[in-house]
Amino acid sequence: MPQSSLAEIEDAIAKRRYLDRFLPALEADFEARTANYERRLVRLSLWPTIVTYNAFLAMDMVLLPQTLVPAVILHVLVTLLVVAVTAIYQRTSAARNRRWMVAAIPLAMITQIMIIYQMNKTDISHHYQYLAIMVVVYSNITQRLGSDFSRFVSVGGATIYLAFLLAADTPVEIVMLGCAMMGAAGYLTTVANMRMQSDARFAFLQRLREELMRHAAEQQSMHDPLTKLQNRRFLQVEAQRLWHASTEAPCAVAVLLLDIDNFKLFNDTYGHASGDTCLQHVARILAEAVADTQHVAIRFGGEEFLILAAGADADAGWDLAERVRLRIEATGIRHAANLPAGVVTASLGVGTGMAPAVRLEDLIAQADAALYDAKRAGRNRTCLPRHEARLRA
């Protein structure tokens, strides 16, 4: 699940905090969700990048044949760098480190182009250096790795470009035209990159919001609104998980079924509002009983509750049921019609078995039969299935 809350996501959308970077928690979620996409993007762009870049050698053959050999050597070196960066990129976890590695590729290409340009002193070579501008355009548009990446490539590429133009004693009008074109290309492609990044981040926020809203709805559907305990739907999900895990390592499971004694009389005497309060008190006792354990407490229906106790045999199930029963009685909620106690009490039945050999339905049936025995024996007591009771006797 994401680290961010639904409120943080709604706030980011309302305040348009997705244009460049999110707040730390959201940024961590974004990096985690987009890491595989970025790796795939870099991997898929490997061959198109190599082919496009080495197609520039056609310009060397036509415009600057006298430096074709050093151009080929430099192209091979840059191509090896592209392959190495792509391979290392796939194994690098830190997002910013990955992006700076990729930024080295267009800067190396621009450096190669400008080296060949500086090696030539002919008028036609002034047309060759414009290839550096195309590298910036290609990099910022195809490598959609964030606006910081785009800005770095644009500024770094322009710096390298200008440094070589000045070092080569390039005519002022060529320098001015080249810098204007490089600046325009860097600015326009950086803006385009930022807008693509903004759209991607906004789409991410929308997907994350839908995911959290769906998760919240699922969680709400698995909780009882009155007692805040899980409900029968959650019981089925948890049982499936437990029984699936037990196929590799069988484990003891106990089901405790609890019924509040004479609860209808309690409602008739004190009203349904007091009845709801009574249910909430009992639910808190059950929640405390299973806290810090693998057990789960369930509102089973009406005044009935259930505890699914993973790893509990008959003795452990009995002990847990008795602790719950005694705690409910000790709470001392007045119930004049529940004689002889005069306070709210509960009867419990316990079903036990080994998962996955025994089904949840079988354990509930055992616990229900034992609960019936507890009611028939006078209420306010815990009963085991009859075969377990005989063994304990």
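The values are calculated or read from the model by the stated rules, or taken from the named source; none is laboratory data. Computed from a prediction, not measured in an experiment: that's the story for all the values here. Ideal geometry is used to build each Cβ from the backbone, glycine not excepted, and the neighbour counts take in all protein chains shown. The protein model used for the area step is the full one, side chains on, heavy atoms only, and it has no ligands, DNA or RNA in it. Shrake-Rupley method; radii C 1.70, N 1.55, O 1.52, S 1.80 Å.
Calculated from DSSP H runs of 4 or more alone, at -39500 (n - 2.57) each and per residue, what is the 222 nm mean residue ellipticity of the chain, nearest 500? Rounded to the nearest 500, the figure is -22500 deg cm²/dmol. Sequence-distant contacts, meaning Cα pairs under 8 Å at least 6 residues apart, place the relative contact order of the chain at 13 percent. Given axes a ≥ b ≥ c from the Cα gyration tensor, I'd like to know whether the range 160-280 is rounded (a/c under 1.5), prolate (a/b larger than b/c) or oblate. It comes out prolate by the Cα gyration axes. When the Gaussian network model of the chain links Cα atoms closer than 10 Å, the mean-square fluctuations of 219, 240, 366 top out at 240.
Under the rule a/c < 1.5 gives rounded, and otherwise a/b versus b/c splits prolate from oblate, where does the range 147-189 land using the Cα gyration tensor? It is oblate, given that a/c is not under 1.5 and a/b is not larger than b/c. Electrostatic bookkeeping for residue 296 treats Lys and Arg as +1 and Asp and Glu as -1; over the other residues with beta carbon under 14 Å from its beta carbon, the sum is +1. Using Cβ point charges alone (K and R +1, D and E -1), the dipole size of the chain about the Cα centre works out to roughly 160 debye.
For the chain, modelled as a GNM whose springs connect Cα atoms under 10 angstrom apart, the maximal fluctuation among 147, 347, 93 occurs at 93.
The mean sequence separation of alpha-carbon pairs under 8 Å and at least six residues apart, normalised by the residue count of the range 1-86, gives a relative contact order of 24 percent. With no solvent and one point per C-alpha, what does the Debye sum give as log10 I(q)/I(0) for the range 1-128 at q = 0.13, 0.15, 0.17, 0.19 Å⁻¹? For the range 1-128 at q = 0.13, 0.15, 0.17, 0.19 Å⁻¹, log10 I(q)/I(0) is -0.68, -0.78, -0.89, -1.00.
Shape class for the range 48-196, computed from the alpha carbon gyration tensor (a ≥ b ≥ c): oblate, with a/c not under 1.5 and a/b at or below b/c. Rounded to the nearest 10 degrees, the angle from helix 68-89 to the longest Cα principal axis of the chain is 10 degrees.
Relative to the longest principal axis of the Cα atoms of the chain, the long axis of helix 232-246 makes an angle of roughly 70 degrees.
Relative to the current alpha-carbon distance between residue 54 and residue 141, full extension at 0.36 nm per residue lengthens the span by 29.5 nm. Share of carbon and sulfur in the accessible area of the chain stands at 61%, probe radius 1.4 Å. Between 269, 352, 227, the Gaussian network model of the chain with springs among Cα atoms under 10 angstrom shows the greatest mean-square fluctuation at 269.
Between residue 87 and residue 237, what is the FRET efficiency for a Förster distance of 35 Å, r being their Cβ-Cβ separation, to the nearest 0.05? My answer for the efficiency is 0.25.
Find the accessible area per residue for the range 189-291; the probe is 1.4 Å, ligands and nucleic acids are left out, and the unit is Å². Write down the numbers at each step before the final one.
Values: 5380 Å² over 103 residues.
Ligands and nucleic acids excluded, the figure is 52 Å² per residue.
Rounding to the nearest 10 and keeping the result within 0 to 90°, find how far the Cα-based axis of helix 314-331 lies from the longest principal axis of the chain. Compared with the principal axis, the helix lies near 80 degrees.
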